[in-house]
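Chemist: Okay, handing you the structure first.
The values are calculated or read from the model by the stated rules, or taken from the named source; none is laboratory data. What you see is a predicted model, and the numbers here were worked out from it, not measured in a lab. Here Cβ is always computed from backbone atoms with ideal geometry, including for glycine, and neighbour counts include all displayed protein chains.
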Amino acid sequence: MKNIKEISTRLEIAKKNLKKNKAKNNSSNAASLGKALKISTELVAAVVVGSTIGFILDNWFDTKPWLTIVFFFMGATAGILNVIKSAKKMQKNFRK
Amino acid sequence: MEMNPMHQFEVYRIGPEIKLGGVNLSFTNASLFMTISSITILLLLFFGTKKKSLIPSKLQLVTEMSYTFIAKMINDTAGPSAKPFFPLIFTLFMFVLFCNMVGMVPYSFTVTSHIIVTFMLAASIFVGVTIIGFIKHGFKYLELFVPKGVPILLLPLIIVIELISYLSRPVSLSVRLFANMMAGHTMLKVFGGFVISLGLLGGWLPLGFSVALTGLEILIAFLQAYVFAILTCIYLNDALNLSH
């Protein structure tokens, strides 16, 4: 019985410490690093996908460089859109 | 002494060559390390949940913590309607995490540093989430590509851009994991090579760097598994709760 009592007091102390730590740093460092890594690849991926689609369509319709150029810019737009979207989502979570 | 930093990513065959209808199905070191990480997960979860005591042992604590961690993440990002997908996301997270962590052991092979592995994971998630979206919403799921309040004249352009943005999801998901793992392991190897080539006099600085980088790599290994799982949750959320 004594063992359980001792553990429950220790648990109480640990809980208090946890609460104190939580108040100190609201958003942990690791989570922010994850977000930063997330945004950086999102921009590049859309450009790559856009250019690839343009390249494939170019090969189909025999219109070499034009569709690649057009879809490169569309991909860049999509990438920026991606970044804006996830930034907005982060802001919403941050305010909550 | 092997000094090529890319040598560690080489895939080679272990055991006999197996060919099935022109497809090479031989057992490679990549399959070996995937098996090792899967078995490690199974053993951890088996022994962690074997003795369900009120005061948990360390093993049970790890198991319970990983469960609550994922359950909380799904609830926060995808809402209660994503609860049925818990096994999928838990499996994904544990598999990626253990592949990354097993790769941190010296002389082992990092499965997730190959783009084909991460791309297959991401592509299956992408296809699965799209199918779930269509099952759940029917053709209304296509509204995802048509934002509200856009002039009709601009609509064709916007739809193409949104489509590219949607298609870029598996690419960004897979490239992120693969690039982080590969860059980290290459860097570790390069600094390790510096230690050897600078010798007893100048080798101490890169040795310190190697130690620091190993710590960073362990953080990245966990973080990338976390990001992989959380993004799956976010995509699932988009498919389940159609909203802009």
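Chemist: Kindly establish whether B:V111 is aliphatic (A, V, I, L, M), over 30 Å from A:I80 (Cα atoms) and touching a Cys at 6+ places or on another chain (Cβ under 8 Å).
Modeler: For B:V111, the condition - aliphatic (A, V, I, L, M), over 30 Å from A:I80 (Cα atoms) and touching a Cys at 6+ places or on another chain (Cβ under 8 Å) - is met.
Chemist: Please enumerate the residues belonging to the range B:173-200 that are among the basic types (K, R) and within 13 Å of chain A (Cβ to nearest Cβ).
Modeler: B:R176
Chemist: Hey, another quick one. Among the residues of the range A:42-65 satisfying the criterion of being surrounded by fewer than 22 Cβ atoms within 10 Å (Cβ to Cβ), within 14 Å of another protein chain (Cβ to nearest Cβ) and not hydrophobic (A, V, I, L, M, F, W, C), which is farthest from B:I161 (Cα to Cα)?
Modeler: Among them, the one singled out is A:T52.
Chemist: Same structure, new question: Exactly one condition in (1) at the interface with another protein chain (Cβ under 10 Å from one of its Cβ atoms); (2) modelled with pLDDT under 85; (3) surrounded by 13 or more Cβ atoms within 10 Å (Cβ to Cβ) is false for B:G203; which is it?
Modeler: Condition not satisfied by B:G203: (1).
Chemist: Could you please find all residues in the range B:150-205 being in contact with a helix residue (DSSP H, G or I) (Cβ under 7 Å, 6 or more places away or on another chain), small (G, A, S), assigned to a helix (DSSP H, G or I) and within 29 Å of B:M104 (Cβ to Cβ)?
Modeler: Scanning the range B:150-205 gives B:S172, B:S174, B:G184, B:G192.
Chemist: If you don't mind, there's one more thing I want to ask. Before we move on, is B:I132 in contact with a Leu (Cβ under 9 Å, 6 or more places away or on another chain), assigned to a helix (DSSP H, G or I) and without any contact (Cβ under 8 Å) to a residue 12 or more places away in the chain?
Modeler: Here the answer is no, as B:I132 does not meet what is asked.
Chemist: Do the conditions hold for A:T68, that is, is it hydroxyl-bearing (S, T, Y), buried (at least 19 other Cβ atoms within 10 Å of the Cβ), more than 30 Å from B:C233 (Cα to Cα) and more than 7 Å from chain B (Cβ to nearest Cβ)?
Modeler: In short, yes.
Chemist: Can you tell me which residue among B:P170, B:P147 is within 12 Å of chain A (Cβ to nearest Cβ), at pLDDT 90 or above and either more than 23 Å from A:S51 (Cβ to Cβ) or surrounded by 13 or more Cβ atoms within 10 Å (Cβ to Cβ) (or both)?
Modeler: B:P170
Chemist: Can you tell me which condition B:F69 does not meet? The list is (1) out of contact with any Ser or Thr (no Cβ under 9 Å at 6 or more places or on another chain); (2) under 30 Å from B:H7 (Cβ atoms); (3) aromatic (F, W, Y), and all the others hold.
Modeler: (2)
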